[in-house]
Amino acid sequence: MVPSPTPPSPAGPDPVPTAVFDEMLRAARTLLAVRHPLDAEIAFSEMLGSWWGERLPGVDVERLLGEGLITRATASAHPAGLGILAAVSALGTSGTQRALAEQGVIALRDRGLTVPRWATQLGWVRPLSAHVNGDRFGDIDEVVLVFGRESGPGSASSEAEHALILVQDHNGGGVLRDAWITTKVETLLEKCRERARSDGFARFEDLDPAAARAVLERALRRTEQVVSGADRSEAPVPQAVGLTASDLTGGSLATHFALANSRVRHLPEPSREAPPPVPVWRRDRRAMLAARFLASDEAAELSDSYAASRCTDHIITHGCDIDSGRPLRVSPRKVESFLLHWLPGRVVLLPEEQEAMPHVLAAWVRWAGSRDGLPEVAVAATLDAVWDSTAAFARTYRDPARPLGLRQEAVRRLLPDGDFAALARRMFAFPLMASEIVAWAPDEFDLDTSQGRRALLRLDHFGEYDATTPHNGRHSSGRDHWYRPVTGHDPVRERELDRLERLAVRLWHGRPPNLWAAARRLLDRGLARTTVLRELDEVLGAATSESELRRRLDSL
């Protein structure tokens, strides 16, 4: 475990060995001889990115190491420490870190320390232009930001010093995949322009810097959410399709992530009247788009209208939620990602829907491609990708009900939203939803009502059932019921049901995700379900806020 240079509190993490920060100070000493601020910015961005994405239960690694480094640098009373503080004040990924580092800079300067000139120029840049490089398919956007260096506050520079290139993967959920810096700005821009002139399928356009900021702030935020495993209860967490957090933190993106955040903050803020970076697709608008497609000539040959409608809903959901609000965009890479990465393990398809999906997708490609202005050759290439992926889709997609021994009706009850990732969590919360009992009395066990939830929990945990009409069930002996009738009003039992319902509802919806993660860890240790539920309930009752709840759950 990696901790803080200060003695830990009894409930806190162990301290980070001082040698960790001393090594960073030694690295900073070698940078004192650097002559150009850009070289120093890249080096310090790499230092700050060395722990990006590290996760430990119950520990905020970013705060632990970031603030620990600031504390150690301030205490060092050395020019290298002042260099680190100047870098963090310019490149720190949180406002708190930047403010603490600025205080450290003031403290060391008051002690008479001097630093190289580059330390006074860190972050002093002015955005000159923004561009986007890509192609007509639109799978990847390379956003090019051009900056000049300022010698101080208010000193304008029209000379391009460097360009920051950020690569956004729309098939991956709009996250950033790569980043790099070049000082050969004019060479880069001219190559992009020449490619766009000579290749009709290429695209290179100027981008309003304020619009670039809106797009990149969203991409940076989504990337950080994926890497850190953000809380879905606070905001929707993007799905990194076909990617893992280690795919994002293992390359040059980690090296440049702090620098990228800093540069994007220097772009002008978009006006309040500016449109959002991603179009908003409400449910009624999605339904209208589906209706237009299903009424089109391209969809006329789809024989199973119900399966076609369900498949269309999934295609539109993928385009709106994953592909930056662009359901009409089609490409070979997008259809492959949809069939082989997004659908398997995320969406429950009935057998007839699984069989229909490639045919519905092909019809969608023909319909959407023409409306989005895609050339015929590109539409044909995308159709080829659909049929080339069909066999792999049949192998990759597995009926989630089959290995669990569940009937399709049970899967529909547990996954009304089709979110296969929620299956185990919801079965843990309401295991009787997978049984035939619910089919016998669906109104009495309706999860949309508190009465239905409590009836399920009462039967699950206490074996009691207040049946309007007695149900013998397959376990009946003919003389005895397999449940005990509810007798009278027991206040203690009702309070227990209150707690169980509160916990089960949170588990059903996955709020916060730390709750199910903690349950899995306890189950992996061999604890019984009842014991796990009791421990989770105790934590839920003791927490006074959502942030405290997450911390307590992470410590289990």
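The values are calculated or read from the model by the stated rules, or taken from the named source; none is laboratory data. Here the structure is a predicted model, which is why all the values come from computation and not from measurement. Note that we place each Cβ from the backbone using ideal geometry, even for glycine, and neighbour counts take in every protein chain shown.
Side notes on the structure shown:
- When Leu415, Leu457 are checked against the criterion of being closer than 21 Å to Leu339 by Cα and of a type in the set (A, V, I, L, M), a single residue qualifies: Leu415.
- Selection count, the range 377-393, where residues are at pLDDT below 95 and more than 27 Å from the chain's Cα centre (by Cα): 1
- Arg329 part of a helix (DSSP H, G or I), at pLDDT 95 or above and within 24 Å of the chain's Cα centre (by Cα): no
- The criterion of at least 1 residues that are within 24 Å of Ala214 (Cβ to Cβ), modelled with pLDDT of 90 or more and not small (Gly, Ala, Ser) is met, among helices (runs of 4 or more DSSP H) falling completely within the range 235-299, by 252-265, 283-294.
- When Gly112 is tested against the conditions (1) part of a helix (DSSP H, G or I); (2) over 28 Å from Val167 (Cα atoms); (3) not aliphatic (A, V, I, L, M), the lone failure is (1).
- Ser324 being assigned to a loop (DSSP other than H, G, I, E, B), out of contact with any Leu (no Cβ under 8 Å at 6 or more places or on another chain), within 24 Å of Gly172 (Cα to Cα) and in contact (Cβ under 8 Å) with a residue 60 or more places away in the chain: yes
- Checking every residue in the range 159-178 against the condition of being at pLDDT 95 or above, closer than 24 Å to Thr93 by Cα, surrounded by fewer than 14 Cβ atoms within 10 Å (Cβ to Cβ) and of a type outside the set (A, V, I, L, M, F, W, C) gives zero matches.
- Search result, residues across the range 331-365 that are farther than 27 Å from Ala422 by Cα, touching a residue at least 60 places away in the same chain (Cβ under 8 Å), of a type outside the set (Gly, Ala, Ser) and crowded, with 20+ Cβ neighbours inside 10 Å: Trp364
- Taking the listed residues Leu85, Leu91, the one that is within 34 Å of the chain's Cα centre (by Cα) and in contact (Cβ under 8 Å) with a residue 60 or more places away in the chain is Leu91, with no other qualifying.
- Positions within the range 416-461 being part of a loop (DSSP other than H, G, I, E, B) and buried (at least 21 other Cβ atoms within 10 Å of the Cβ), in sequence order: Phe430, Phe445
- The listed residue being outside the structural domain of Thr182 (by TED's automatic domain parsing), within 30 Å of Glu46 (Cα to Cα) and buried (at least 19 other Cβ atoms within 10 Å of the Cβ), out of Pro270, Pro327: Pro270
- Pairs are defined by a Cβ separation below 6 Å, a sequence spacing of at least 6 or placement on different chains, a first member in the range 264-288 that is of a type in the set (A, V, I, L, M), and a second member that is part of a loop (DSSP other than H, G, I, E, B); the pairs so defined are Val278/Ser324; Val278/Gly325.
- The criterion of being in contact (Cβ under 8 Å) with a residue 60 or more places away in the chain and buried (at least 19 other Cβ atoms within 10 Å of the Cβ) holds for Leu374.
- Which listed residue, of Arg111, Arg136, Arg63, is over 19 Å from Arg263 (Cα atoms), of a type in the set (D, E, K, R) and in contact with a Phe, Trp or Tyr (Cβ under 7 Å, 6 or more places away or on another chain): Arg136
- The single condition among (1) touching a residue at least 40 places away in the same chain (Cβ under 8 Å); (2) within 23 Å of the chain's Cα centre (by Cα); (3) part of a helix (DSSP H, G or I) that Ala504 does not satisfy is (2).
- Among the conditions (1) in contact (Cβ under 8 Å) with a residue 40 or more places away in the chain; (2) of a type in the set (S, T, N, Q); (3) under 17 Å from Pro277 (Cβ atoms), the only one that Thr183 does not satisfy is (3).
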